[in-house]
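A short write-up of the structure that comes next.
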Amino acid sequence: MFVPGRGLGSMRARALLAFVLAASGRVTWADEPKQADQAPRVTSAQRLDRGRLKAAREAVARIAATRRTLDPPAGLHDYRAILHAHAEDSAHTGGDRVEILAEAKRAGVDAILLSDHYRPPRDFVTESWRGLRDGVLFLPGSEVRGFLVHPMKSVMDRMDAPLPGFVSAVNADGGLIFLSHIEERLDHPMEGLTGQEIYNRHYDAKRDAAGMLALILKVTAPDSLRALEEDLANYPDELFAFHVEYPAAYLSKWDRETQSRRLTGVAANDCHHNQVLVVKMIDEGSVRVGTNVDKDEDMRTVTALLRPGIRTLTKGRKPGDVLARVDLDPYHRSFQNVSTHVFAPELTEPAVREALREGRAYVSHDWMCDPRGFRFGLVDPDVLMGSEVAFRPGLRLSASFPVACRIRLIRDGRELVSRSGDSLEYDVAEPGVYRVEGWLDLGGEERGWIYANPIYVRAGL
C-alpha cells in the first residue's frame, strides 16, 4: 500500500499492508546511521503533523522570496527531465500518456523519459511516444531486468540475451542504461552502464511502514480523513514529500563506483498515478482499503474493531459505496517532488541523451525551491559537472546556488566542507571524485535539496 509502482494487488504491497494493519500503531522505524553533524531525525509520521506541514510551507515561501536569478552556462539551457515514468503500461498504472503530457505542461517539465513495463510482444521503443508533443520531449524506454533502458532502436531480439549482450544492444548508437532500485542490487556490477538512480521515490515509500500506517489510519476515521483532505489541499507538496529521506544507500554505491568510472546520477520518480487511496464499504462495520488500481478482492479489509470511526463513515451508506477517495500522486505533484535537470543546448533527443551520457545533470527536489541557476564545475578549465580532468595544481571548484543553503562538498564519499551560503569555491589539493549537495531548512528540519553529478579529478590522465 502506498508504494509507488504497485497497488495493493502486488504480493509485496499486500504483505506490507497486512503487517502494518496488524501492528496497529506499534510499528517502529530503524534510523539509517546519522552523520555526526545531523540533528535527530524527524520521522515521516511526524512530518504529517499539520504544524510541521504548515511550517515547511511557510519556509518554502520565505526561501522563494530570496531566490536570485542566475544565468545557465553559456550556450546551454537547464531542462527539467523526468525519468522512471509509467503511463498505460501495466495493470498497476493508473495514468495514460495524454494525462502525463498535460501534467508535464502544468508542472513545467521539458522532457519525459518513459519507462514502460516490459510487455512482449509490444515493442516499448517503436510503439510508444517519441519526439516533441506540445512542447514536451518524449523518449521511449523500459524498466526491465533492474534497469531503465532507453535504446535508440528496438532491442526486442536481445531482451533475453546474457547481460553483457543486452547492455551492449541498449548502448548501441547512443542508447542509455541506468541501474534502478539500487536497494535491491547494491553489489550489481556497473560495467557498460550510463549511470544509476541516486534517488528513488519508491524506495522511500517502501521502507516507511510507520508512515504508511499513519496514512491508513487517517483514511479510516471521519475526523482524520477530513484533516488529511484539508492538509492535502493546503500543503500538497509538503504532504507528498513526507516519505522523502536522504538516499544514503544509493549515494554510497554511487560514491564507491565512481572511483573507477564515470556514472551519471539521475532521479527516479517511479510515478504511475496509482496512489489514489480508496475506501469502499463492505457493511456497516467493515471497509476495504486500497488504491485506484486495485480490484476489490485485492484490497484489505479493515473493521470497526480496529477503527471504530468506520461506523460513522458507513452510516447511511450502502455496500459497495466509495466512502473516501484521496489522490496523493497526480503526475504533476510527482514531477514537482523530484526531477533530473539536464544542461543541453536545445530540447532535442540527441542533445538530452548527450547531456545525460556526459553527466551534465543534477537531481533536485523542486518543490522546496526552483533550482534553476545552480551550477557546479571547475573555474580553470571552465568545465561543468560530469567532466573528467587530469589533476594539476591550481584547479578550483566552484558551485553557485540560487538561494542560500547548506552546501556540502564531498570527495570520494567523505565530506570536505559544510557551510552556509549561496556559493562555494574550493582549491583542489588532490585527485578525487568531487560532488556537491545543497540542503534547505524547512521549518527546523534540514532536508536534501540538490545532488549534483561530480567532477572527476583523476591522477595520471
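The values are calculated or read from the model by the stated rules, or taken from the named source; none is laboratory data. Note that the structure is predicted; figures quoted are calculated from it, not measured. Cβ: placed from backbone, ideal geometry, glycine included. Neighbour counts: every protein chain shown. Calculation scope for accessible area: heavy atoms of the full protein, side chains included, ligands and nucleic acids excluded. Shrake-Rupley method; radii C 1.70, N 1.55, O 1.52, S 1.80 Å.
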Which of the residues spanning the range 68-102 are closer than 28 Å to C405 by Cα, open to solvent by 30 Å² or more (accessible area, probe 1.4 Å) and β-branched (V, I, T)?
T69
Please note which strands (runs of 3 or more DSSP E) are completely contained in the range 337-411 and include at least 3 residues that are under 27 Å from V60 (Cβ atoms), at pLDDT 95 or above and open to solvent by less than 40 Å² (accessible area, probe 1.4 Å).
339-344, 361-364, 396-411
Condition first: over 30 Å from G108 (Cα atoms), free of Cβ contacts under 8 Å to residues at least 40 places away in the same chain and of a type in the set (G, A, S). Can you find one or more residues in the range 141-158 that meet it?
no
Residue list for the range 84-110, filter: touching a strand residue (DSSP E or B) at 6+ places or on another chain (Cβ under 7 Å) and closer than 14 Å to D366 by Cβ:
A104, G108, V109, D110
For the range 299-316, the count of residues that are surrounded by 13 or more Cβ atoms within 10 Å (Cβ to Cβ) and assigned to a loop (DSSP other than H, G, I, E, B) equals 5
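Each row is one residue, and each column tells you yes or no for (1) of a type outside the set (D, E); (2) assigned to a helix (DSSP H, G or I).
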| residue | (1), (2) |
| --- | --- |
| D223 | no, yes |
| L228 | yes, yes |
| A233 | yes, yes |
| E238 | no, yes |
| F242 | yes, yes |
| E245 | no, no |
| A249 | yes, yes |
| D255 | no, yes |
| Q259 | yes, no |
Residues being closer than 18 Å to V276 by Cα and open to solvent by 10 Å² or more (accessible area, probe 1.4 Å): count how many of those fall in the range 236-252.
3
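So that you can scan it fast, the table gives a plain yes or no per residue for (1) over 23 Å from G211 (Cα atoms); (2) in contact with a Gly (Cβ under 8 Å, 6 or more places away or on another chain); (3) basic (K, R); (4) in contact (Cβ under 8 Å) with a residue 40 or more places away in the chain:
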{"position": "H273", "(1), (2), (3), (4)": "no, yes, no, yes"}
{"position": "V278", "(1), (2), (3), (4)": "no, yes, no, yes"}
{"position": "G285", "(1), (2), (3), (4)": "yes, no, no, no"}
{"position": "D294", "(1), (2), (3), (4)": "no, yes, no, yes"}
{"position": "T301", "(1), (2), (3), (4)": "no, no, no, no"}
{"position": "G309", "(1), (2), (3), (4)": "no, no, no, yes"}
{"position": "T312", "(1), (2), (3), (4)": "yes, no, no, yes"}
{"position": "Q336", "(1), (2), (3), (4)": "no, no, no, yes"}
{"position": "E358", "(1), (2), (3), (4)": "yes, yes, no, yes"}
Of the residues V433, V428, V417, only one is more than 20 Å from R80 (Cβ to Cβ) and surrounded by fewer than 19 Cβ atoms within 10 Å (Cβ to Cβ); which?
V417
Take the residues in the range 108-166 that are hydroxyl-bearing (S, T, Y) and open to solvent by 10 Å² or more (accessible area, probe 1.4 Å), then tell me which one is nearest to R372 (Cα to Cα).
S128
Just the residues that are of a type outside the set (A, V, I, L, M, F, W, C) and either at pLDDT 95 or above or in contact with a Cys (Cβ under 7 Å, 6 or more places away or on another chain) (or both), please, taken from the range 85-96.
H86
Of the conditions (1) assigned to a loop (DSSP other than H, G, I, E, B); (2) touching a Leu at 6+ places or on another chain (Cβ under 9 Å); (3) more than 26 Å from N453 (Cα to Cα), L213 fails just one. Which one is it?
(1)
Checking A65 against (1) open to solvent by 20 Å² or more (accessible area, probe 1.4 Å); (2) in contact with a strand residue (DSSP E or B) (Cβ under 8 Å, 6 or more places away or on another chain); (3) more than 26 Å from L215 (Cα to Cα), which single condition isn't satisfied?
(2)
Taking K105 as meeting all but one of (1) closer than 30 Å to S128 by Cβ; (2) open to solvent by less than 50 Å² (accessible area, probe 1.4 Å); (3) modelled with pLDDT of 95 or more, write down the number of the exception.
(2)
Could you please find all residues in the range 317-328 being within 30 Å of H86 (Cβ to Cβ) and open to solvent by 10 Å² or more (accessible area, probe 1.4 Å)?
G320, D321, V322, L323, R325, D327, L328
One residue is enough: does the range 139-154 have a residue meeting the conditions assigned to a loop (DSSP other than H, G, I, E, B) and closer than 27 Å to D237 by Cβ?
yes
Test each condition in (1) open to solvent by less than 20 Å² (accessible area, probe 1.4 Å); (2) touching a residue at least 60 places away in the same chain (Cβ under 8 Å); (3) within 28 Å of G438 (Cα to Cα); (4) not hydrophobic (A, V, I, L, M, F, W, C) for T220 and report the one that comes out false.
(3)
The range 68-101: number of residues that are part of a strand (DSSP E or B) and closer than 30 Å to K295 by Cα
4
Going residue by residue through the range 436-445, is there one that turns out to be among the charged types (D, E, K, R), open to solvent by 10 Å² or more (accessible area, probe 1.4 Å) and modelled with pLDDT of 95 or more?
yes
Of the conditions (1) over 24 Å from the mean Cα position of the chain (by Cα); (2) assigned to a strand (DSSP E or B), the single one that G438 does not satisfy is (1)
Does any residue of the range 194-210 turn out to be closer than 30 Å to L148 by Cβ and over 21 Å from the mean Cα position of the chain (by Cα)?
no
Which numbered condition in (1) in a strand (DSSP E or B); (2) closer than 26 Å to K253 by Cα is the only one that E430 fails?
(1)
For the range 184-202: of the residues being part of a loop (DSSP other than H, G, I, E, B) and among the aliphatic types (A, V, I, L, M), which is surrounded by the fewest Cβ atoms within 10 Å (Cβ to Cβ)?
L186
